[in-house]
1. Within 9 Å, Cβ to Cβ, of K264, how many net charges do the neighbouring residues add up to if Lys/Arg are +1 and Asp/Glu are -1?
2. Mind sorting F124, F133, F9 by how few other Cβ atoms lie within 10 Å of their own Cβ, fewest first?
3. Students often check this: by mean Cβ neighbours within 10 Å, which of 246-254, 219-227 ranks highest, and how do the rest follow?
4. List the residues, sorted by chain then number, that are 5 or more residues from G47 or on another chain and whose placed amide H is less than 5 Å from its amide H.
5. Nearest 10 degrees is fine. How inclined is helix 211-220 to the longest principal axis of the chain, computing both from alpha carbons?
6. Please sort 19-28, 160-169, 299-308 by packing, taking for each peptide the average over its residues of neighbouring beta carbons within 10 angstrom, highest first.
7. Could you work out how far the C-alpha centroid of the stretch 172-219 sits from that of the stretch 316-391, in angstrom?
8. Under the classification rounded if a/c is under 1.5, otherwise prolate if a/b is larger than b/c and oblate if not, where does the stretch 120-217 fall, given a ≥ b ≥ c as square roots of the Cα gyration tensor eigenvalues?
Amino acid sequence: MSDSTIQIFDTTLRDGEQVPGCKLDTSQKIIIAEQLDILGVDVIEAGFPVSSPGDFKSVEEISKIVKNASVCGLTRAVKKDIEIAAEALKHAKKPRIHTGIGTSESHIKYKFNSNKEDILIRAFEAVKYAKSFVEDVEFYAEDAGRTENEFLARVCEEAIRAGATVLNIPDTTGYCLPSEYGAKIKYLKENVKGIENAIISCHCHNDLGLATANSIEGIINGARQIECTINGIGERAGNTALEEVVMILKQHPYLNLDTNINTKHLYGLSQLVSESMGVYTQPNKAIVGANAFAHSSGIHQDGVIKNRETYEIIDPKDVGVTESAIVLTARSGRAALAYRAKIAGYELTKLQLDIVYNSFLSFADRKKEVNDDDIHQIIESTSISNQILKV
Ligand code: KIV
Ligand code: ZN
């Protein structure tokens, strides 16, 4: 792996599936895992095997079919969890156990009724035990976002000493500001003994809408893996959206960072996940929302028709969307109407366009969006319809 290639760790099937009411069955998970493998993700977190027999089976079956990516199973820092995860992953070509423990004051006090020294021991032992089953062990410091940096560094050192290959620094509650999260990663890079032997991973939640910004800030400061989900789905406000971080890196080449993702599959996978989970994607969702490449105001439409790049920073084909959409509404101008009329089969002269445009405006004031059938109706209802050239 080159130092400029960011590893994409997809957790759609684990953290993403924690969306209430969106449970997937094993066959649905297998289909998504196959597509994630084709997309080019580096790691697929397939589930939390100890949590239920269904999750165990999903991780086991996914381990059998994934060809390229590592397959990962989540555990707590508990021996039984680790044993069961190892069992579920036994058919994986590249198995990874993801184990860890809460490290913030509030987790130590309220979740574990424990103390820092005990957490350090538990972290070390969990990684060591996981290492007795697989070579690739990722350690997470849950609620790292609210953990003071000095203690976090000590926990990371223990995990590395026990053999962790990846250190996951989750902003579990989505609390950090990008500058704060970036500084945390930088601090770990500079202060953790043995850090050169491990990859730092960003795992950011979106409670304040900062998950993507925080992940990007994390990698700018030295992290080399991002944990994310398709469409940013996940518990509460969700996780970092895979399609967003991947396209940010692609559209900003001067960062000198890339991924192994074949971006042309992004839209298809977004649709697959949304349909399988029954989670509707908001129309204005970056990259994959229905309006991400739709233009409806006259000024923007005129620009896009002249040259797409006037109002689009991404070629829709790069993410698997066939083309930009020129949506006809009462805010549209003549250029958009002429463009759409041509697609619908009419070549309008300038004079004809003026007449049709007036009819169009009064129609569009009554209807939110004007479709091809409406265009036919509008044109055929004008007094000049028999003079218009049909193409
Ligand atoms: O958000 C989080 O802290 C997690 C860990 C379990 C990795 O999902
Ligand atoms: Zn999470």
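Values quoted throughout were computed directly from the atomic coordinates according to the rules given, and no laboratory measurement underlies them. Fair warning: this is a prediction, and the values are worked out from it, not measured in the lab. Every residue, glycine as well, gets a Cβ built from its backbone with ideal geometry; the counts of neighbours run over all protein chains shown.
1. Neighbour charge sum, excluding K264 itself: 0.
2. The fewest-first ordering by Cβ neighbours comes to F133, F124, F9.
3. So the peptides 246-254, 219-227, ranked by packing, come out 219-227, 246-254.
4. L74
5. Helix 211-220 sits at roughly 60 degrees to that axis.
6. 160-169, 299-308, 19-28
7. 49 Å
8. In terms of gyration-tensor shape, prolate.
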